[in-house]
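Down below is the structure, laid out as structure tokens.
The values are calculated or read from the model by the stated rules, or taken from the named source; none is laboratory data. Values in this document were obtained by computation on a predicted structure and should not be read as measured data. Cβ: placed from backbone, ideal geometry, glycine included. Neighbour counts: every protein chain shown.
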Amino acid sequence: MPWQTALARHYDLHGALAPLPGEYDLNFLVTATDGAQYVLKVMRPHCDPALVAMQCAALEHVAAVAPDLPAPRLVRAANGEPFVAEAGRLLWLITALPGELFATFRPHPAALRAELGRQAARLDQALAGFAHPMLDRPLKWNLLQAEWAMAELPAIADAGQRQLAAEALAAYAQLHPALLALPRIPIHNDLNDYNLLVTADARGQFTISGLLDFGDLCAAPRVCEVAIAAAYAMLNQPDPLRALGELVAGYHAVWPLSAAEIDLIWPLVRTRLAVSVVNAALMKQQRPDDPYVTVSEAPAWRMLAATATIDPAIAAARLRAVCGLPISDAAARVMAWLDTQRGRFAPVLGRDLANAPVVSVAAGETPLPQDPFGLTEAEAAVLAGPAQAEVCIGRYGEPRLIYTAPVFFAGSSPLAERRTIHLGVDLFASPGTPVYAPLDGVVVAIENFSAPLDYGGMVVLQHQTPAGDPFYTLYGHLDPICIGKLAVGQPLAAGQLFAALGSMADNGGWQPHLHFQLLLHASALAGHWPSVAAPEEGDWWQAVCPNPAALLNLPDAAAAYRPLDPAGLLCERRRHFAGNLRLSYAEPCTLLRGWRHYLFDEWGRAYLDAYNNVPHVGHAHPRLQAVAAQQLRMLNTNTRYLHPAQIAFAHELLAKLPPSLSVCFFVNSGSEANELALRLARAATGGRDMITIDHGYHGHTTGAIDISAYKFNHPAGSGKPDWVQVVLAPDPYRGPYGNDGERYATAIDAALERIAARGGRLAGFIAETFPSVAGQIIPPPGYLAAVYRRIRAAGGVCIADEVQTGLGRLGTHYWAFETQGVVPDIVVLGKPLGNGHPIGAVITTAEIARAFDNGIEFFSTFGGSTLSCVIGREVLRIIDEEGLMAHAAQIGGELLAGLRDLQQRHAIIGDVRGMGLFIGVELVTDRATRAPATAAASYLKERLRAERVLIGTEGPFDNVLKIRPPLTFDRAALEVFLDRCDAILSESFLARQG
């Protein structure tokens, strides 16, 4: 290849060349003999040297002023020149950058668009000091010169498409004078999806790793850079305005835009799309067989069509809002005027609200509705009431879980976006309370929404400031009969009575109240008049509907919800808690509510809990609430006193176990239970030495850590005590003996020999019956029978740690040891027994209990408290009466089948294993070698968290997905879980890992 010879002659570089795509020029990826990579650019014949000189100079300028920007570096030729001539063409060399093209990379989350906005702003800042004569050349892609496309519209054959492009270019013609008036700087001018590289790390963090192709560099207003980058970042997005806002907000955060610039972005985005499709039509005529010239044509047409009906004023207002600016100049003036008039408005309910108490319906402050997906009539009737004053205030901006009307959620995923943020102030008062106009206004809307949990009667008034700026007030939950006397266009004077509060039927079934809302942009709401917003769009809707406290003659803070500050919580946690008390996930969750297998954050967003086995029968179970509340009203004391609750709990627990296990010890946790099990084993045998499974975990107390290889073998651990012997985990997938349980058990023989060699005496063997921390392992058949036989022959006792696997989780068996056909001497249980209440249990034989009864009292102050016992007993009853064990078998089987189907389609899944709702998915980079895909497991966990699905990772290589949800996990949850996993497993990062 002549270009290899030229590369060697001019750059003293030797290596392989691979072609890269390009519109006019030749591009080659150069892989040098030392492994370094470059891009050789071979310009088209007769290319203007000044164009190449400009690009080279720009790259060197960026490298000098912003060396951390992900832009290529120019590699000068051996003679020191930025480019050279060869065979009638100009050649130049740049460094290659890592990553995948934005166009093919998946996914495109909000964070990536924001990152693109930030990098675009940083690039523009870096280029601002660059100068070159070629910046002002004629260029069809310069949006200052886009009028050329209007004359070429006939090249578009389809009349409907031609009209779409014409409309976008007509809007451009109107804004062109304003665009020409803006300052010009050098901009990249072509940050399209094929000129960007993206990388992701194992924590699911996305980075723009390459800003490529400076060939369209020109002088233009920086808002053109934003619009061009956005036009391509929006392609194929279901919500174009939101996608645009994410990019614009990222740019604005680095280099703030003026309101005037922001207002031009939407029409410029559509202009760029129109220019692109016109150019594609022309290029198809000239080069019909070149796919490069139409690579973005189809998605550009789709985006032009999807955005054609969006009001440009609404688009401009939304972009201002995401940048933290008033949605319009008039809106800023309105809010300033309202603030000056605070205290002068007529009382909306005819009385002073200064001392009105605040009532809360906030997601993190009230347990109603108990089921956040279904507010009951009984719950609605007690929301925010009964009021203890004539008027009570419900706060603006409060996140609420009460908005569950089927009209909004029918057929949608439980994790779908949901309206939670209250956009008005509620004034709770008696039905029939008069409602007055706070200032002069005109009736512009009257509605009577009779649907459950909606407005009832509603009126919207238009007002004007003395400067003539309009704004609106909305009044909901009015008596429909009363407002029937009003007419659209009717004027109202300040203080004029015009409505009355409706009954509970007009208030969604809950306490009568006035929903009072301020609107700064009526066309954004007209026709649907939303009173609540989804958290994902909270900034926009709160900008349109700001706090109306001024109109109520109140300080803003008196009527506003004060949101939690997760960043502040994190800071305080780091100040007051040890660093090794870790949080799950790179972006921690702030969770305030739970229900069954869902959790809810501070904004009421739902998370699917596929991880937490401790709430065994589901988060916030009403039956547990009831028995706990009743017992706390009566007595909570310890086992030094007789109480029937302790006996009843013991009877029901022992009824689930083999007859030989007949004595209970109640403690506060699984860790304390394993500590006690260790003491029992030593008392029964007179021995001290223990045998345990590699990577096993039994708790955090001193004794429990000593028998937990997961802890003591950690690089920072204290190491294995001399009285502990570790044996190979019986892992059929990764272990050396496959599914041969007897061969794994032979490790016990060697461990017994080591104990004898050190002059020790065996106390017992302890293991998680199905090793969970070791990777959700299902031991081979016969394994425990072979182990127990050897242990008992050596005089030891057998301890089954059932904290993770007991109580019906496996579906087919109540206890994991039953699946192995064995009966242990000691069984250990932990907090799942109390559904999260701090309780644990040790159940053993009468013989072992007698050996432990050596005259020294055993006592755990609140182990087996009356409260713990009634809760534990109720958990057992719930498992039985709600059929949760059979449910775990059914759903677990379907989930395993779904995961195995994913395994067939995603090579990164090496193994799927489990029983019931105890499931592990092992990720590997190579199925043949079974090399662990640790980074992939971390990425999947973090990406699922971003999709609001919670799982964990375990195993010696931390490459096993741990799936062990509450036993309420149902088919809807299963479908969401499999859908999210499938989508993420198809993403670029994982595709490369597998």
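Listed by position, the strands (runs of 3 or more DSSP E) contained in segment 1-49 that have at least 2 residues being assigned by TED's automatic domain parsing to the domain that holds Leu90 and either among the aromatic types (Phe, Trp, Tyr) or touching a residue at least 40 places away in the same chain (Cβ under 8 Å) (or both) are 26-32, 37-42.
Being part of a strand (DSSP E or B) and surrounded by 15 or more Cβ atoms within 10 Å (Cβ to Cβ) is a condition met by at least one residue of segment 610-624. Taking the numbered list (1) in contact with a helix residue (DSSP H, G or I) (Cβ under 9 Å, 6 or more places away or on another chain); (2) within 16 Å of Ala58 (Cα to Cα) in turn, Gly210 passes all entries but (1). Does segment 882-903 contain any residue that is closer than 24 Å to Ala628 by Cα and either part of a helix (DSSP H, G or I) or in contact with a Ser or Thr (Cβ under 6 Å, 6 or more places away or on another chain) (or both)? Yes: segment 882-903 contains one or more residues that are closer than 24 Å to Ala628 by Cα and either part of a helix (DSSP H, G or I) or in contact with a Ser or Thr (Cβ under 6 Å, 6 or more places away or on another chain) (or both). Among the residues of segment 686-706, those that are more than 16 Å from Val827 (Cα to Cα), over 33 Å from the mean Cα position of the chain (by Cα) and not in a strand (DSSP E or B) comprise Gly686, Gly687, Arg688, Asp694, Thr701, Thr702, Gly703, Ile705, Asp706.
Could you tell me whether segment 926-946 includes any residue that is hydroxyl-bearing (Ser, Thr, Tyr) and in contact with a Ser or Thr (Cβ under 7 Å, 6 or more places away or on another chain)? So far as segment 926-946 goes, yes, one or more of its residues are hydroxyl-bearing (Ser, Thr, Tyr) and in contact with a Ser or Thr (Cβ under 7 Å, 6 or more places away or on another chain). Inspect segment 525-536 for any residue being part of a helix (DSSP H, G or I) and either under 23 Å from Asp329 (Cα atoms) or under 26 Å from the mean Cα position of the chain (by Cα) (or both) and give the result as yes or no. The answer is yes; a qualifying residue exists.
Are any residues in segment 232-278 small (Gly, Ala, Ser) and part of a helix (DSSP H, G or I), and if so, which ones?
Hits for segment 232-278 are Ala233, Ala243, Gly245, Ala249, Gly250, Ala253, Ala259, Ala260, Ala274, Ser276.
For Met690, the criteria (1) under 19 Å from Gly796 (Cβ atoms); (2) at pLDDT below 95 hold in every case but one, which is (2).
Based on what the data block shows, is Val627 within 13 Å of His837 (Cα to Cα), modelled with pLDDT of 95 or more and not in a helix (DSSP H, G or I)? Judged against the criteria, Val627 is not a match. For segment 856-910, a residue qualifies if it is at positive phi and either among the acidic types (Asp, Glu) or free of Cβ contacts under 8 Å to residues at least 12 places away in the same chain (or both), and exactly one does: Gly883.
For segment 568-601, give me the residue count where each residue is assigned to a loop (DSSP other than H, G, I, E, B) and modelled with pLDDT of 95 or more. Looking only at that region, the number is 1.
Within segment 904-913, the presence of at least one residue that is in the same structural domain as Ala936 (by TED's automatic domain parsing), within 30 Å of the chain's Cα centre (by Cα) and in a helix (DSSP H, G or I) is confirmed.
Within segment 824-846, the set of residues being hydrophobic (A, V, I, L, M, F, W, C), surrounded by fewer than 24 Cβ atoms within 10 Å (Cβ to Cβ) and not in a helix (DSSP H, G or I) is empty.
The residue of segment 742-751 that is farthest from Asp958 (Cα to Cα), among those that are out of contact with any Lys or Arg (no Cβ under 6 Å at 6 or more places or on another chain) and buried (at least 20 other Cβ atoms within 10 Å of the Cβ), is Ala751. Out of (1) touching a Ser or Thr at 6+ places or on another chain (Cβ under 9 Å); (2) crowded, with 17+ Cβ neighbours inside 10 Å; (3) not in a helix (DSSP H, G or I), what's the single condition that is false for Leu112? Of the numbered conditions (1) touching a Ser or Thr at 6+ places or on another chain (Cβ under 9 Å); (2) crowded, with 17+ Cβ neighbours inside 10 Å; (3) not in a helix (DSSP H, G or I), the odd one out for Leu112 is (3). Does Phe428 count as of a type in the set (A, V, I, L, M, F, W, C), at pLDDT 90 or above and either under 30 Å from Asp609 (Cα atoms) or out of contact with any helix residue (DSSP H, G or I) (no Cβ under 7 Å at 6 or more places or on another chain) (or both)? So Phe428 passes the test. Residues that are assigned to a helix (DSSP H, G or I) and modelled with pLDDT of 95 or more do occur in segment 950-971, at least one of them. The residue of segment 151-180 that is surrounded by the fewest Cβ atoms within 10 Å (Cβ to Cβ), among those that are in a helix (DSSP H, G or I) and among the charged types (D, E, K, R), is Glu167. Looking at segment 714-813, the strands (runs of 3 or more DSSP E) lying wholly inside it that each contain 2 or more residues that are of a type in the set (Gly, Ala, Ser) and in the same structural domain as Arg688 (by TED's automatic domain parsing) sit at 762-768. The residues listed here are Pro183, Pro138, Pro133; of these, the one that is touching a residue at least 60 places away in the same chain (Cβ under 8 Å), closer than 30 Å to Cys56 by Cβ and surrounded by fewer than 16 Cβ atoms within 10 Å (Cβ to Cβ) is Pro133.
Tell me which of these Asp289 doesn't satisfy, since it passes every other one: (1) modelled with pLDDT of 85 or more; (2) surrounded by fewer than 13 Cβ atoms within 10 Å (Cβ to Cβ). Result: Asp289 passes all but (1). Does Glu100 qualify as being among the acidic types (Asp, Glu), under 30 Å from Gln237 (Cβ atoms) and out of contact with any Phe, Trp or Tyr (no Cβ under 7 Å at 6 or more places or on another chain)? The answer is yes for Glu100. Can you spot a residue in segment 972-989 that is surrounded by 23 or more Cβ atoms within 10 Å (Cβ to Cβ) and of a type in the set (Val, Ile, Thr)? Yes, segment 972-989 contains a residue that is surrounded by 23 or more Cβ atoms within 10 Å (Cβ to Cβ) and of a type in the set (Val, Ile, Thr). Residues in segment 537-560 that are outside any loop (DSSP other than H, G, I, E, B) and touching a Phe, Trp or Tyr at 6+ places or on another chain (Cβ under 9 Å): Gly538, Gln542, Ala549, Ala550, Leu551, Leu552, Asp556, Ala559, Ala560. When you scan segment 681-703, do you find a residue that is hydrophobic (A, V, I, L, M, F, W, C), surrounded by 22 or more Cβ atoms within 10 Å (Cβ to Cβ) and farther than 26 Å from Pro781 by Cα, even just one? Checking segment 681-703: at least one residue is hydrophobic (A, V, I, L, M, F, W, C), surrounded by 22 or more Cβ atoms within 10 Å (Cβ to Cβ) and farther than 26 Å from Pro781 by Cα. Taking the conditions exactly as written (without any contact (Cβ under 8 Å) to a residue 40 or more places away in the chain, surrounded by 16 or more Cβ atoms within 10 Å (Cβ to Cβ) and on the phi < 0 side of the Ramachandran plot), does Met303 satisfy them or not? No, not satisfied. Could you check how many residues of segment 489-521 are surrounded by fewer than 17 Cβ atoms within 10 Å (Cβ to Cβ) and at pLDDT 95 or above? Looking only at that region, the number is 8. Among the residues of segment 914-943, those identified as outside any strand (DSSP E or B), surrounded by fewer than 23 Cβ atoms within 10 Å (Cβ to Cβ) and not small (Gly, Ala, Ser) are Arg927, Thr929, Arg930, Thr934, Glu942.
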